[in-house]
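Inspection log for the structure reproduced underneath, given as structure tokens.
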């Protein structure tokens with residue numbers, strides 16, 4: 001399969017839907033500065049190529065309730081592929097874990113966890129430890145306030161430098 005090459009217009013389309021979610025054909029075309037039909041064809045091509053994983057709303061959790069947010073750094077005892085696979089499969093099934101990234105260095109994973117309260121978070125951690133996933137140690141950081149939450153600036157990331 002031929003690699004998919006993105007041009008500046010594709011990046012503008014991806015940036016527009018990243019910033020605004022689903023848009024009408026005419027509104028997307030207006031933002032991207034392209035006529036509606038070619039813009040929609042490009043969007044369909046980007047979807048088919050797997051560049052768009054879904055559309056989401058950015059919900060202000062604090063307006064709904066006083067939830068507990070915790071960042072957890074975690075390391076496993078063993079570092080075999082099967083150990084990572086078992087852990088990642090389990091984490092993928094937990095609604096409370098909203099983000100999980102594998103890292104290199106001192107810790108294997110960084111998780112963002114949202115629970116109704118601190119007791120629910122502790123119960124979740126006890127369940128994970130009882131599941132014998134090979135968790136060697138974990139460190140928790142209680143989120144006191146969110147300073148910034150953003151998606152990457154696609155145009156900035158993909159800009160050509162030095163050309």
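Coordinate-derived values only; no laboratory data. Just so it is clear, the structure is predicted and the values come from calculations on it, not from any experiment. Cβ coordinates were reconstructed from backbone atoms using ideal geometry, including for glycine residues, and neighbour counts include every protein chain displayed.
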Express the relative contact order of segment 40-135 as a whole percentage, based on alpha carbon pairs under 8 Å and six or more residues apart in sequence. 32 percent
Taking 8 Å as the Cα distance limit and 6 or more residues as the minimum spacing, I'd like the relative contact order of segment 8-57 as a percentage. 36 percent
As a check on your grasp of the helix formula, calculate [θ] at 222 nm for the chain: sum -39500 (n - 2.57) over DSSP H runs of n ≥ 4, divide by the residue count, round to the nearest 500. -12000 deg cm²/dmol
For q = 0.13, 0.22, 0.26 Å⁻¹, what log10 I(q)/I(0) does segment 1-86 give under the Debye formula with an equal point scatterer on each alpha carbon and no solvent? -0.67, -0.98, -1.27
How high is the relative contact order of the chain, in percent, counting Cα pairs under 8 Å that sit 6 or more residues apart? 25 percent
To make sure I understand, if each residue's beta carbon is the centre and we count other beta carbons within 10 Å, what order do 126, 96, 88 fall in, fewest to most? 126, 88, 96
State, in angstrom, two size descriptors of the chain derived from its alpha carbons: Rg to one decimal place and Dmax to the nearest whole number. 20.2, 57
Using Cβ counts within 10 Å as a stand-in for footprinting exposure, how do 123, 149 rank, fewest first? 149, 123
Note on segment 8-57: alpha-carbon gyration tensor, axes a ≥ b ≥ c; rule is a/c under 1.5 for rounded, else prolate if a/b larger than b/c, else oblate; result oblate
To the nearest 10 degrees, how steep is helix 118-130 against the longest Cα principal axis of the chain, on a 0 to 90 scale? 80 degrees
Using the number of other C-beta atoms within 10 angstrom as an exposure proxy, rank 14, 157, 6 with the fewest first. 157, 6, 14
